[in-house]
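Each value in this text was obtained by applying a stated rule to the coordinates, not by laboratory testing. Bear in mind that the values here come from a model prediction, so they are computed numbers and not experimental data. With ideal geometry, Cβ positions are generated from the backbone for all residues, glycine too; neighbour counts draw on all protein chains shown.
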Amino acid sequence: MKYEISKGTLAVIPNEFESSLVFEDEERYIIKEKPFNIMDDSCKYFGSTYEGRKNGAKEILGAEYKVPIVIEDSDNLIVFPTTSPSSDECAWIVLKRVKKIEKVDGNNTKIIFDNNIELIVPSSYRSIENQLSRASRLDLILRNHKNS
């Protein structure tokens, strides 16, 4: 089964055997693809590539690593990685669905989504906070471009 990121998607996290666990509003799916491949397939589905989206975000943000990407343009559907996208441990979080984050301990952060589903990711609070900030900045800049 192919999977494309949509407005209903909360997160895509790595699962065993090179698969992913996809969290949606009320559903969970196991997809037999790595999270990175789902991101790349989703970019292609909406008319670009992961590399194109990454390079565009790098240009806009002036950032070099762990860059958020726009999956789909019309609604600024933005995802951000929890670690290096090349890591097998990297999860992807949909910016618009994040309600708040909470520190669990030095190595883990709880993400609470807008529908009150909670997910603990193996990444520090500071790192997730930085990723949220970077993705929000990308969203703001793109919205300003659309309005000018």
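Could you sort out which of 58/96; 32/103; 110/146; 2/103; 34/110 sit more than 28 Å apart by Cα distance in this structure?
32/103; 110/146; 2/103
Could you list 9, 83, 49 so that the one with the fewest beta carbons within 10 Å of its beta carbon is first and the one with the most is last? Before the final figure, lay out each step's value.
Working: 9 24, 83 17, 49 11.
Arranged by neighbour count, lowest to highest, 9, 83, 49 become 49, 83, 9.
Any idea what the relative contact order of the chain is, in percent, if you count C-alpha pairs under 8 Å spaced at least 6 apart?
Relative contact order for the chain comes out at 18 percent.
Hey, fewest Cβ within 10 Å first, where do 105, 25 land in order?
Ordered by Cβ neighbours within 10 Å, fewest first: 105, 25.
Among all stretches of the chain without exposed chymotrypsin sites (Phe, Trp or Tyr not before Pro) (DSSP loop, at most 16 other Cβ atoms within 10 Å), which one is longest?
66-148
Among 108, 60, 19, which residue has its Cα furthest toward the positive end of the charge dipole of the chain, with +1 on Lys/Arg Cβ and -1 on Asp/Glu Cβ?
About the Cα centre, the residue reaching furthest to the positive side is 60.
Separation of segment 1-45 and segment 71-94 by C-alpha centroid, Å?
The two parts, judged by their Cα centres, are 11 Å apart.
What does the extension gain come out to for residue 147 and residue 87, with contour length at 0.36 nm per residue minus their alpha carbon separation?
18.0 nm
Over the residues of segment 55-142, compute the C-alpha Rg and express it relative to 2.2 N^0.38 Å. Working shown, then result.
Numbers: Rg = 12.5 Å, N = 88, 2.2 N^0.38 = 12.1 Å.
So the Cα radius of gyration is 1.04 times the expected 2.2 N^0.38 Å.
For segment 64-146, what relative contact order do you get, as a whole percent, if you take Cα pairs closer than 8 Å and at least 6 residues apart?
26 percent
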